[in-house]
C-alpha cells in the first residue's frame, strides 16, 4: 500500500482506535459503577439485616424479661396462696381445739348449780324449750324446718299451730350449748376464710 493510501486510511484507523478506547473506557466505567453500586447495595442490605437481627434480639430479650417477671409474679401469688391456706388450716385446728375444750366443760357448767357461793351444789333444773322456740332458733341459723308438731309427731293442724308451738321440744340445755359451740366453730372458720380470701384478692400483706 502506498503512502497516499495510508494517508486516506489514517483518519479511519484513528477513529476506530478512538472508538475502541471510548468503548473500553465506558466498559471500565460501567463495571466500576456496577461494582460500586453492588457493594453499596450489599452493604445496605447487610446493614438492614443487622438492624433486623438486633431488633429481633431485643424483642426476644424483652419477651424473656416479661416471661421471667410473669413467672416470678405467679410464683409469689402461689406462695402467698399457700401461706394463706396454711394459715387457714392452722386457724381451723385452733378452732377445733377450742370446740373440743369447751365441749369438755359442758358437764361442769350444765349439770350442777349453786344458789349462792356457800350453798351446796344441786342438780340443774330442767329448762324447757318449746317447739316454737326451737323453730325460731333454727330459722335464724338458716335451717329449713317443718311446721311445729305435737307430741305424737304428726303435723299440727292450722287451728292448733299456736298450741303445738308451745309443746316441749325435748331439747336440753346441754344439747343447746353443744350445738352453739359447734356452730360457733363453723362461724369462726367461715369468717377467717372470707378474711383470707379478701386478703388474697386485694393483695393485702
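The values are calculated or read from the model by the stated rules, or taken from the named source; none is laboratory data. Owing to the predicted nature of the structure, the values given are computational and were not obtained by experimental measurement. All Cβ positions, even for glycine, are placed from backbone atoms using ideal geometry, and neighbour counts span all protein chains on display.
Out of 205, 157, which single residue is modelled with pLDDT under 85 and closer than 19 Å to residue 135 by Cβ?
Criteria check complete, one pass: 157.
Being in a helix (DSSP H, G or I) and without any contact (Cβ under 8 Å) to a residue 60 or more places away in the chain narrows it down to one of 78, 92, so name that one.
The unique qualifying residue is 78.
If I go through segment 106-125 residue by residue, how many of them are touching a strand residue (DSSP E or B) at 6+ places or on another chain (Cβ under 6 Å) and closer than 17 Å to residue 175 by Cβ?
1
On the basis of being at pLDDT below 90 and at negative phi, does residue 119 make the cut?
The answer is no for residue 119.
With respect to the numbered conditions (1) out of contact with any helix residue (DSSP H, G or I) (no Cβ under 9 Å at 6 or more places or on another chain); (2) assigned to a loop (DSSP other than H, G, I, E, B), which one is the sole condition not fulfilled by residue 127?
The number of the failed condition is (1).
Of the conditions (1) surrounded by 13 or more Cβ atoms within 10 Å (Cβ to Cβ); (2) more than 23 Å from residue 172 (Cα to Cα), residue 68 fails just one. Which one is it?
Evaluating residue 68 over (1) surrounded by 13 or more Cβ atoms within 10 Å (Cβ to Cβ); (2) more than 23 Å from residue 172 (Cα to Cα) leaves (1) as the failure.
Can you find a residue in segment 98-108 that is outside any helix (DSSP H, G or I), surrounded by 10 or more Cβ atoms within 10 Å (Cβ to Cβ) and without any contact (Cβ under 8 Å) to a residue 12 or more places away in the chain?
yes
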